[in-house]
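Undergrad: I'd like to ask some things about the structure below.
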Amino acid sequence: GTFDYFKEVVAGKGDAIRADMSVSEDDNVLVRGVEGSEGAIGFFGCAYYFENADALKVVPIDGGNGPVTPTAKTIADGTYAPFSRPLFIYVNSRSAKKREVREFVTFYLENASELAAEVGYVGLPESVYHRARTNFKQAKTGTSFLDDKGEKVHGPLEEVYR
């Protein structure tokens with residue numbers, strides 16, 4: 001989830017970021033903890049930050065091109081990377097042959113961007129949804145996020161997900 005992703009980006013695949021940290025799967029607990037503890041730092045999905053922006057101070061991230069804060073624009077255009085990540089659904093190829101699964105996936109791919117925005121998240125670029133719909137219709141399997149050696153592929157989402 002968010003914690004594992006953040007930990008990998010910040011500290012690599014090692015142990016805990018700090019020995020004295022508190023971890024919770026409940027983002028509301030994290031927001032209350034950060035809000036109520038001077039000097040505390042927390043990380044959670046953008047929807048929780050956007051919803052609680054009046055009580056929290058965001059830490060700008062500088063990846064070498066100047067500090068960037070999380071906004072719908074910086075998340076969508078990739079300038080808030082690597083602290084933003086796309087979330088995908090993966091469909092078992094055998095299950096994808098079932099009518100109800102095909103209908104659900106089609107609905108999801110046609111509506112995910114709008115539904116994401118309704119709950120405070122940022123939809124993917126339309127070109128990514130278009131590619132996902134095409135891949136699903138063609139029953140394409142595999143990933144675009146690993147190269148031939150099994151290493152992670154990095155770059156703007158629209159370039160990686162082709």
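The values are calculated or read from the model by the stated rules, or taken from the named source; none is laboratory data. In this text, all values refer to a predicted model and were calculated from it rather than measured experimentally. Here Cβ is always computed from backbone atoms with ideal geometry, including for glycine, and neighbour counts include all displayed protein chains.
Undergrad: Just need a number here: residues in segment 102-133 that are without any contact (Cβ under 8 Å) to a residue 12 or more places away in the chain, acidic (Asp, Glu) and closer than 26 Å to THR74 by Cα.
TA: Adding up the residues that qualify gives 2.
Undergrad: Which of the residues that make up segment 75-109 are within 18 Å of THR134 (Cβ to Cβ), of a type in the set (S, T, N, Q) and within 21 Å of the chain's Cα centre (by Cα)?
TA: Initial filter on segment 75-109 (within 18 Å of THR134 (Cβ to Cβ)): 86, 88-91, 93, 96-97, 101-109.
Those left that are additionally of a type in the set (S, T, N, Q): 93, 106.
Hit for segment 75-109 is THR106, nothing else.
Undergrad: Would you list the helices (runs of 4 or more DSSP H) that sit entirely within segment 45-122 and hold 1 or more residues that are surrounded by 17 or more Cβ atoms within 10 Å (Cβ to Cβ), modelled with pLDDT of 90 or more and among the small types (Gly, Ala, Ser)?
TA: Values: elements: 46-51, 72-76, 99-118.
In segment 45-122, the matching helices (runs of 4 or more DSSP H) lie at 99-118.
Undergrad: Under 6 Å by Cβ, and 6 or more places apart or on different chains, what pairs join a residue from segment 134-145 that is touching a residue at least 40 places away in the same chain (Cβ under 8 Å) and outside the structural domain of TYR108 (by TED's automatic domain parsing) with one that is in a helix (DSSP H, G or I) and β-branched (Val, Ile, Thr)?
TA: Matching pairs, first to second residue: none at all.
Undergrad: Contact list please: Cβ distance under 7 Å, first residue in segment 80-95 and among the aromatic types (Phe, Trp, Tyr), second residue not in a loop (DSSP other than H, G, I, E, B), pairs at least six apart or on different chains.
TA: Partner pairs satisfying both residue conditions: TYR80/ILE61; TYR80/VAL68; TYR80/THR74; PHE83/VAL9; PHE83/ILE61.
Undergrad: Could you say whether any residue in segment 27-39 is among the acidic types (Asp, Glu), part of a helix (DSSP H, G or I) and buried (at least 16 other Cβ atoms within 10 Å of the Cβ)? Spell out the reasoning first.
TA: Step one: of segment 27-39, the residues among the acidic types (Asp, Glu) are 27, 35, 38.
Still in the list and also part of a helix (DSSP H, G or I): 27, 35.
Pick out the ones that are also buried (at least 16 other Cβ atoms within 10 Å of the Cβ) and you get 27.
Checking segment 27-39: at least one residue is among the acidic types (Asp, Glu), part of a helix (DSSP H, G or I) and buried (at least 16 other Cβ atoms within 10 Å of the Cβ).
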